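What follows is a single structure, written as structure tokens, with notes after it.
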Amino acid sequence: MASRLVQTPEIQKLLDRVSGLTVGGGDPRTKQIVRRIVSDLYTTIDEFDITPDEFWGTLGFLQQGAMEFGLIAPGLGFDHFLDIRMDEADKAAGIEGGTPRTIEGPLYVPGAPLAKGFARLDDGTDKGEVLVMHGRVTDQDGQPVAGAIVDVWHANTLGNYSYFDKSQTDYNNRRRIETDAEGKYKFHSIVPSGYAVPPQGTTERLLGSVGRHGNRPAHIHFFVSAPGYRHLTTQINIAGDPFLYDDFAQATREGLIPDVVRHEDAEAIRAEGLNTPFAEIDFGFTLVKARSEAEGELHARPRVPPIA
């Protein structure tokens, strides 16, 4: 409930003015949204008796933290909240099934090399545990979706992502894989590690101020898309990670924690064309038919450009 001060005619008129409701031009929806946001902030300032020092200190914090907004947003649950809203909209529309969605995160890089059926993701310099992951992309009737694009990216064993970590080669641990006629995809890589937000950064300072940590469990990101189907944004978590159910980004979802099978026998190693023990994950993606062209498209958000 808004504070009494905010409800006074003086402040209501102020809100109308600052949000542009008293002048022509501009976008009507934007005016209403700005008015609501500013009104809620005025209410917070009044109800918590926020001092000028606290206000300007917070503004300075946000200015310093601008480069970390992509981490602050999931840390405060905005990314997950948007997913929940989309889940609720699906439920209201009677849309069921499909692989659960979960957050994209801020570390996607478009334009990864495209392979057909199989890809090697890592460049061989990281001596982590070898990972073999495979599965099928199907529709809700279990029929294969041939020609689907499985866009996959993950961190290295230090929890760092190529492009953002300049010590890694371009598109290391990043590939796009086109499914075969049976909807199958497969890749070799290394088992990634989780990561923490930058030490002493604004995200860590914010989380620490409310008694929280900034750790993510080990995970692998995916976009899965095909003509006529909804674009899927999701990720799997590596079972057994200590932060599996304590992800600072709130992205862990049941149905996205596949079993990890370790293979050490020589026959299995040879059959995979390897010379070392490996971890295996078998995980399939189920796509939902799109009701509109927009549902098949990747949603807009700030992303880095493809590597030239």
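Table for the structure above
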quantity: Cα centroid separation - segment 124-173 against segment 80-108, whole Å; calculated: 21
quantity: Neighbourhood net charge (11 Å Cβ-Cβ; Lys/Arg +1, Asp/Glu -1) for Ile307; calculated: 0
quantity: Of Lys127/Lys186; Lys184/Lys289; Lys31/Lys91; Lys31/Lys289; Lys127/Lys166, those spanning more than 26 Å from alpha-carbon to alpha-carbon; calculated: Lys31/Lys91; Lys31/Lys289
quantity: Estimated [θ] at 222 nm from DSSP helical runs (n ≥ 4, -39500 (n - 2.57)) normalised by residues in the chain, nearest 500; calculated: -8000 deg cm²/dmol
quantity: Loop-located GluC sites (Glu not before Pro) in segment 225-308, at most 12 other Cβ atoms within 10 Å (DSSP); calculated: Glu254, Glu264, Glu293, Glu297
quantity: Rounded, prolate or oblate (a/c below 1.5 giving rounded, otherwise prolate when a/b exceeds b/c) for segment 30-172 by Cα gyration tensor; calculated: oblate
quantity: Burial order of peptide ranges 217-229, 13-25, 30-42, 133-145 (average beta-carbon count within 10 Å, highest first); calculated: 217-229, 133-145, 30-42, 13-25
quantity: Dimensionless Rg ratio for segment 76-296, taking C-alpha atoms and the 2.2 N^0.38 Å reference; calculated: 1.03
quantity: Gap separating the Cα centres of segment 214-229 and segment 1-51, nearest whole Å; calculated: 38
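Read-outs: derived from the displayed coordinates by stated rules, not from any lab. All of these numbers come straight from a predicted model, not from anything done at the bench. Cβ: placed from backbone, ideal geometry, glycine included. Neighbour counts: every protein chain shown.
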